[in-house]
Amino acid sequence: MTRNIVTALQENQDRILDQWVNQRELSEDFGGNFNSFDDLKAQSSELLTAVLENMTAENITDLYASDLEPLIEYVSGLTLSRAKQGFSPRETATYIFSLKDALLKVLGELITEDPKELYRSTLEISKFIDNIGIVSFETFIRGREEVILGQADEMAELSTPVIKVWEGIIAMPIIGTLDSARTQVVMENLLQGIVETESSIAILDISGVPAVDSLVAQHLIKTVNAIRLLGADCVISGIRPEIAQTVVHLGIDLSKMVTKATLASALRYAYGILQLEVRKAGKEKSNL
Amino acid sequence: MWTTTNQNKEQLSILHDRDVIICRNRIKEVAVKIGMGIVNQTKLITAVSELARNMLIYAGGGNVIVEVVARGREQGVKIVFEDKGPGIQDIAKAMQDGFTTGKSMGMGLPGAKRLVSEFNIESTVGKGTTIKIVKWKNG
Ligand SMILES: Nc1ncnc2c1ncn2[C@@H]1O[C@H](COP(=O)(O)OP(=O)(O)OP(=O)(O)O)[C@@H](O)[C@H]1O
Ligand SMILES: [Mg+2]
């Protein structure tokens, strides 16, 4: 598309807007979704401005051009706000696609002499608007993904069961991220569990924790300290090899805590402290 | 909210605690996609955790931009953390183990640097902070 055509489109912004908002399908399909025709016109005017201000003869064929970022941001924002208002992705995309008809109609009126140029420009505008529609879809899906991720996290964080594994030993598996709020729940449940079951050893299993950063480490240290205040011992189990390497590089010293690779080795350690032995039935004695 | 700004660039704004987790999960996906091993993946997302959380705590939020980059035949993940917060007065100090202006451990910045392959920090007081990191697949 030539610069002249882009400029001509910009100069005819009002005409395109009129053409757009007065389309029958727009008023029928979307009239009900806007509070008033003025709302529809205001929103459409903003989007049209964003399109015409950012579109150039060069970037019309290159959606990833950096000077299109403001437009893409605008479309993402528009999609999100419409999603919140209850528009379906189809409605939003159809709304965006309907701009194409208005643009092409005015384009046809602007280029009357050169059918080849009209054809080329039509293709480019079509593709450009299609791409904007795709951006809108992507945004919508990402928004959904975030909601789902958030829910998954919340669910994982709700469950922090205290399990009595043996007389005097309780365990708590942690699955998901150990943030401040969750640490509070973990700590309360563990301390209460220790008191209720009269346990002297608590095993905190972190096999399900994706990463141990300085915040998680601090939370672990706090939890261990609180447990010690009750006179009980705490073992952290489920330190995966990659977690061990990362913690060392991060520079965090967990050596003051008792840590074990697996829940089984933590249990073995706990039995040792309680001077319990596990051995095969019938055998006199064997090493743990 | 992630948006695609380029074929292999993605951007997320960090405004809440939850965004840190979303960010980490997405970066893990990107790392898995280029075939990064579990140890380097874990190092990378731990560094991301530290830097994203710093932005949240000290700058009230910021943006994370993720990109797959190549060095010859090796691929890596490049991440830019940019905020418009108060900036860091003495970068050398902030990069020391144990230095904190909060009541934390002060391991975030120096630890993150040790966990990644390339680490670049720029900060202007009153303007903000930009940290760029790269973790090569086998780095
Ligand atoms: N994005 C930022 N903007 C402004 N200041 C920052 C930023 N990131 C870090 N800082 C400053 O640098 C200091 C050191 O950061 P670092 O992450 O190493 O430690 P911390 O956050 O205090 O503790 P930890 O990360 O171990 O919990 C912080 O205390 C803070 O003053
Ligand atoms: Mg920090």
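The values are calculated or read from the model by the stated rules, or taken from the named source; none is laboratory data. Because the structure is predicted, anything quoted here is derived from the model rather than measured. Ideal geometry is used to build each Cβ from the backbone, glycine not excepted, and the neighbour counts take in all protein chains shown. Heads up: the accessible areas ignore ligands, DNA and RNA and are worked out on the full protein's heavy atoms, side chains in. Shrake-Rupley method; radii C 1.70, N 1.55, O 1.52, S 1.80 Å.
Things worth noting here:
- Check on B:Ile121, surrounded by 16 or more Cβ atoms within 10 Å (Cβ to Cβ) and within 11 Å of ligand 1 (Cβ to nearest atom): yes
- Residue check, B:Lys135 surrounded by 15 or more Cβ atoms within 10 Å (Cβ to Cβ), more than 21 Å from A:Leu215 (Cα to Cα) and more than 8 Å from ligand 1 (Cβ to nearest atom): yes
- In region A:55-67, residue farthest from A:Arg3 (Cα to Cα) [restricted to those that are open to solvent by less than 30 Å² (accessible area, probe 1.4 Å) and touching a residue at least 12 places away in the same chain (Cβ under 8 Å)]: A:Leu63
Conditions (1) surrounded by fewer than 19 Cβ atoms within 10 Å (Cβ to Cβ); (2) assigned to a strand (DSSP E or B); (3) touching a Pro at 6+ places or on another chain (Cβ under 8 Å), marked per residue:
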position	(1), (2), (3)
A:Asp130	yes, no, no
A:Ile134	yes, no, no
A:Glu145	yes, no, no
A:Val165	yes, yes, no
A:Ala181	yes, no, no
A:Ser207	yes, yes, yes
A:Val224	no, no, no
A:Ile227	no, no, no
A:Cys234	no, yes, no
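Matching residues to (1) within 32 Å of the chain's Cα centre (by Cα); (2) more than 14 Å from chain B (Cβ to nearest Cβ); (3) closer than 16 Å to A:Leu9 by Cβ:
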position: A:Asp101; (1), (2), (3): no, yes, yes
position: A:Thr112; (1), (2), (3): no, yes, yes
position: A:Leu118; (1), (2), (3): no, yes, yes
position: A:Glu124; (1), (2), (3): no, yes, yes
position: A:Ile129; (1), (2), (3): yes, yes, yes
position: A:Gly133; (1), (2), (3): yes, no, no
position: A:Ser136; (1), (2), (3): yes, no, no
